[in-house]
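Note sheet for the following structure.
Derivation of every value follows stated rules applied to the coordinates shown; laboratory data play no part. Quick caveat: nothing in here was measured; it's all calculated off a predicted structure. So basically every Cβ, Gly included, is an ideal-geometry build from the backbone, and we count neighbours across all protein chains shown.
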Amino acid sequence: MDMSEDCFLVPGPVRMGDTCLKALSTPVMTARGPEYRDVMAHLNSGLRNAFNLAPSEPIRGVESWSGDDDYKVVVVSGSGTAAMEMVIANRFRSNDLVLVPTNGKFGERVAEMCQRFCNVKHLKYEWGRAFDLYELEQQLERGCYESLLICHNETSTGITQDAAAIAEMCARHKTSFILDGITSVGGMPVHPTEWGAEAVVVGAQKCTAGPSGIAAIAINSNFIERVHAIREQGDSNPNYYLDLVSALKKGADDQTPWTPAINLAMGWGAALQVLKDESNIERWERCEKMATGVRNLFLALGFELLADSAQRSNTVTAVLYPEGIDDSWRARLKDDYNTQVIGAQDHLKGKMFRVGSMGETPIEEMVEGCKRMIECFKSFGLDLPNMDVESYFE
């Protein structure tokens, strides 16, 4: 087995492609001149494509952040968590009540952020178990919630929520719907317009294969109107750097309110062009093909998967270790087999590993990585059958 090439199968930050890396190395430019506004226009247009929104022209001065729909995109100089905090801090007042169902680490982070800025009803499900949609319906029937927020794709457990069903419930009960789409946008179907989502968040370093430390939100007119109304009433949460009103004032001019993440924006714009060239559908299908192959292969080997079978993610697979194996396997995989996956979090640490199937990862790399994982498990004494790994990815 040739170990000269590494297999990097981590569910974010993912490996950046040559196009992105080259753009990142571009000499710095001024933040307020026409050159950077050109960068922002290109980035905005690429983001609208990644968010599965109507297209816009990548040309400064023509409101590249908007298109022939009800949404605008706003770039945030910070990680996906910063973008999610911007959404929550600006959209809600301290006395608003929101509903946050969770079944993993990052959903719980959304609930924790909400607790800083408003009142929260946190429905905490077992990690990897699907939401009880009947319970969500019962909660929404109470008519007391300003919004329902979810982590759409939970990378800590490898489960994707049924966003379409939840969106339909929110629409019937006239409750706003907000998605943390940090690990779904660009890697699986996300339909802000169809779902009537008020806000969707994405982080660059996940499915879009951009650099870490920059993110974006897609927001509709209802969201924007509510933010302005709260501000005019003098009832808004304290914020400054993440002030969305300031961002909206600058966005129409292809700018950000504060010093932007200049080189990160250039790199992300390049990565989003790669996504556009591939097409959303083809990337979704490639990610699904890799995830399906990983799932079926490890199930055939006798492993167990954490997430409920009907809602397993297409951008990350959570595989439980067999008895007698722990994260020392993952360390050996990296050191001896030049292959990286990621471990579990919190109470599941040392009990499972997670394989990313997102970004620009080619199927051939996933096939090779799976072969190395199997060999590494065999080196720990596991009696595993010889598998035709390629056949699981055809």
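Can you name every one of the strands (runs of 3 or more DSSP E) wholly within segment 90-153 that holds 3 or more residues which are surrounded by 20 or more Cβ atoms within 10 Å (Cβ to Cβ)? First the steps, then the outcome.
Details: elements: 97-102, 119-124, 147-151.
Strands (runs of 3 or more DSSP E) meeting the threshold: 97-102, 147-151.
Going by the structure shown, is residue 280 under 19 Å from residue 50 (Cβ atoms), polar (S, T, N, Q) and touching a residue at least 60 places away in the same chain (Cβ under 8 Å)? Please lay out each step first, then the result.
On the way: under 19 Å from residue 50 (Cβ atoms): yes; polar (S, T, N, Q): yes; touching a residue at least 60 places away in the same chain (Cβ under 8 Å): yes.
When the stated conditions are applied, residue 280 passes them.
Please determine, by comparing only the residues of segment 234-250 that are polar (S, T, N, Q) and closer than 20 Å to residue 114 by Cβ, which one is surrounded by the most Cβ atoms within 10 Å (Cβ to Cβ).
236
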**Complete:** Residues of segment 263-279 being under 20 Å from residue 74 (Cα atoms) and surrounded by fewer than 21 Cβ atoms within 10 Å (Cβ to Cβ), in sequence order, are 263, 273, 276
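Output yes when any residue across segment 42-50 is of a type in the set (S, T, N, Q), part of a helix (DSSP H, G or I) and touching a strand residue (DSSP E or B) at 6+ places or on another chain (Cβ under 8 Å), and no when none is. Please lay out each step first, then the result.
First, the residues of segment 42-50 that are of a type in the set (S, T, N, Q): 44-45, 49.
Now drop any that are not part of a helix (DSSP H, G or I), which leaves 44-45, 49.
Cutting the leftovers down to touching a strand residue (DSSP E or B) at 6+ places or on another chain (Cβ under 8 Å) gives us 44.
Taking every residue of segment 42-50 in turn, at least one turns out to be of a type in the set (S, T, N, Q), part of a helix (DSSP H, G or I) and touching a strand residue (DSSP E or B) at 6+ places or on another chain (Cβ under 8 Å).
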**Complete:** Checked 299, 275, 248 against criteria (assigned to a helix (DSSP H, G or I) and either basic (Lys, Arg) or under 17 Å from the mean Cα position of the chain (by Cα) (or both)); the one match is 275
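For every residue, the table says whether it meets (1) in contact with a helix residue (DSSP H, G or I) (Cβ under 6 Å, 6 or more places away or on another chain); (2) within 19 Å of residue 263 (Cβ to Cβ).
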| site | (1), (2) |
| --- | --- |
| 4 | no, no |
| 12 | no, no |
| 25 | no, yes |
| 33 | no, yes |
| 39 | yes, yes |
| 61 | no, no |
| 66 | no, no |
**Sole residue being of a type in the set (Val, Ile, Thr) and within 17 Å of residue 38 (Cα to Cα), chosen from 262, 281** = 262
**Complete:** Going through segment 346-394 in order, the residues found to be of a type in the set (Asp, Glu) and assigned to a helix (DSSP H, G or I) are 346, 364, 365, 368, 375, 390
**Item:** Leading residue by the ranking (nearest to residue 21 (Cα to Cα)) among those in segment 186-220 that are crowded, with 24+ Cβ neighbours inside 10 Å and out of contact with any helix residue (DSSP H, G or I) (no Cβ under 6 Å at 6 or more places or on another chain)
**Value:** 205
